[in-house]
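As structure tokens, the structure follows; a few thoughts come after it.
The values are calculated or read from the model by the stated rules, or taken from the named source; none is laboratory data. Because the structure is a prediction, the values reported are computed rather than measured. Glycine gets a Cβ as well: all are built from the backbone with ideal geometry, and neighbour counts include every protein chain shown. Ligands, DNA and RNA are excluded from the accessible area calculation, which covers all protein heavy atoms including side chains. Shrake-Rupley method; radii C 1.70, N 1.55, O 1.52, S 1.80 Å.
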Amino acid sequence: MPAEPAPDPLAPGMAGSSLFAVGGLQRTAPFALERTPAERLAAALAETFPSREQRVGLRAAEWEYAFDRGRATARTTCTWRDARGGDVTAGVVLRDAEDGGCEWAVAAERTRGWSVEAASPCVVVGLAEVFPYCTDPAGFALMPPLGCFDAPGEVGEGGLCGDGGATSWVVEALDHPGRQVAVLLLEGSGRSLKQWGKRSGLLAAMIWPGLTYTVIIPSADRAEALRLLPAHPVPARGARIVMPPGHGLDDVVIAQPSAPVLGKAFADLIGARTAQQPCGLAAEAVDLLDQRLGRPRQPPISTIPPQAPPAPATETDPGQTARLHRKVTDLTALLEQTRRQLSDARTRLRAANDRAAAAEHQAALLREQAAAAEQAATLQAHLDRVLTEHDKLLEEVERTAKERDDAVRERGILSARLAALTPAPDPGIAEAVPATFPALLQLVREWGTLELDGVDEQTAACLDHYPKAALWRRKSLDSLRTLSSYVLAVREASRHGTAVGPHLADVLAYVRSGAPGVLISANTVALDESDATGANSRFRAARTFRVRPQTDPSGWAFFASHVRIEAARPPTPRLHFLDDTARTGLLYIGYLGPHLPSSRTN
């Protein structure tokens, strides 16, 4: 049997259903000022039609313009082939509004009937994409605000209670009598919102410009949303579809992601919209669509009820008039009493809803607190184990470091003995450790090999109050003695006029060489600070100390080189120095004390 020919979408009487959307355009649209808003919008849409013809097969007729008292009306019709196989015909009408903006209406018919699979006509003709600030009469934009949905099927952040101004706007727009879109209020955050996108493929389809709009309510703002929207409560981690007025549909409450429920709500919404009798600019768009399809025009439905014939004049009975007055008075009193009762009932209902919402919120908080407490106990136990293991490892590191430092110091003493060929140690190498840090600095000054003009003795004296002060004084003395030996070695090489060998290139090279007089290990010496510390003005200023003019005419220099007196435990003392032996033969000690400010200590 030969295949039946494809139906002509423009044939009169073709089965289908008309769907229309209406709204307005903000007057702040960035158009040229020499044309009316309708002319500007029509011209802007016309510029996108060629690209849409390539993308979706859009074919558009030329715009027709009419002018009445300086206000323009633009009309056109379009056809395209829907991706799901339906042929679509649409009528678009634009008209200048009295407030300086532009009113718009789109009416479209699809041969296979409208469903969630079809693309929104507002998107295909370009209104939603080219002009995202197009809104319905209540002010809901064709496209959801950035943050409600980052991509089809993926829920992002933002929503109802994130901004006080946006919140009041949404609340007022929900109650607007001219609202044309169904508003999906979706409560949740993070993982719970992503479940909607994963478990319900129709969630992305609910973003249908001209018919639906989606608002995210973060879980943290649920109580505030219940207070602001007492007539439209949203279940925890659920959703509520607030249907537009005049469609004869009740709100749909969805406790958890459900594709069937969302699909039925969308189908009911489409059915109610296509069954509506359009009026105003929408009626003109439907009339334009009927003309394009070759259907006879439908006569407009009068909104004025027929007038009843006047009643014949009769003589008034005074008694009957009095009875009617009494009856009217009684009915007025009864009406007032009923209104008060209704108001009281509404007040009690709102209070009951508030108590129920508060109780539900409190229960959710208690559940979350219980789960958090259980998790916190588990994490605390794990943290205790980790800290215990950390303390053991730290003690082992300190013990190993002490053994290493003792070995390095012993090696330095033996090297000095060997170099001097003396049976007893050099008193300058194995001298007694002073009892305080100020005494230690005074001893170093007596050597005459190091410059200590910028050292603050009070800062160094703070270290004397710590339990490990004796160990830190010995390490500091060993470090200063090593720096002094380095200065003497450089001066000796200069005095003999010999070239400075690789081991005297800098302090670190000298320590690594293990020359006589080296009493510290190389891993305690750093010739520079990290990039983050050197680039930070506050950290750099803390490491700037006084020098002599021959080193820097300003009298100050940045002391990046330092020796780690203590590596692990606070206050992790540091000894900062500046090696200028290559130019002036001087080595400056700028600081001895607790660790200076850095990105780690702050």
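A few points about this structure:
- Listed peptides 337-345, 59-67, 42-50, 469-477 by packing density, highest first (mean Cβ within 10 Å): 469-477, 42-50, 59-67, 337-345
- Approximating the spin labels as points 7 Å out from Cα along Cα→Cβ, the ALA535-to-ARG326 distance works out to 9.5 nm.
- √(5λ) per eigenvalue of the Cα gyration tensor, region 540-602, largest first, Å: 24, 13, 7
- Mean projection area, nm², convex hull over Cα of region 61-125: 5.0 nm²
- Theoretical gain in end-to-end length, VAL253 to GLU172 [0.36 nm per residue, Cα-Cα removed]: 27.1 nm
- Using the Cβ-Cβ distance between PHE49 and GLU98 with R0 = 25 Å, the FRET efficiency computed as 1/(1 + (r/R0)^6) comes to roughly 0.30.
- Extension gain, GLN380 to SER115, is 90.0 nm, computed as 0.36 nm per intervening residue step minus the present C-alpha separation.
- Quick note on region 473-602: its Rg to Rh ratio, both from C-alpha atoms and Rh being the Kirkwood radius, is 0.97.
- Whole-Å semi-axes of region 236-279's equivalent ellipsoid (Cα gyration tensor): 23, 11, 5
- The distance linking region 564-586 with region 342-393 is 52 Å (Cα centroid to Cα centroid, whole angstrom).
- Per-pair calculated FRET efficiency, R0 = 22 Å: LEU508 and ARG445 via Cβ, rounded to 0.05: 0.35
- Förster-model FRET efficiency, 22 Å R0, ARG546 and THR436, C-beta, rounded to 0.05: 0.45
- Region 199-294: relative contact order in percent, alpha carbon pairs under 8 Å with at least 6 residues between: 23 percent
- Nearest-10 value in Å² for the accessible area of ILE270, using the 1.4 Å probe: 10 Å²
- Computed over the alpha-carbon atoms, region 424-528 gives an Rg to Rh ratio of 0.99, Rh here being the Kirkwood radius from the mean inverse distance.
- Region 202-296: translational diffusion in µm²/s, Stokes-Einstein, Kirkwood Rh over Cα pairs, 4 °C, 1.567 mPa s: 83 µm²/s
- Amide hydrogen neighbours beyond the local backbone of LEU575, cut-off 5 Å, H modeled: VAL563, ILE565
- Annotation: GLU336 carries an accessible surface of approximately 80 Å², with a 1.4 Å probe and no ligand, DNA or RNA atoms counted.
- In region 485-586, trypsin sites (Lys or Arg not before Pro) in a DSSP loop with at most 16 other beta-carbon atoms within 10 Å: ARG583
- Given their separation in residues at 0.36 nm each and the Cα-Cα distance between them, HIS465 and GLU389 gain 24.6 nm when the chain is fully extended.
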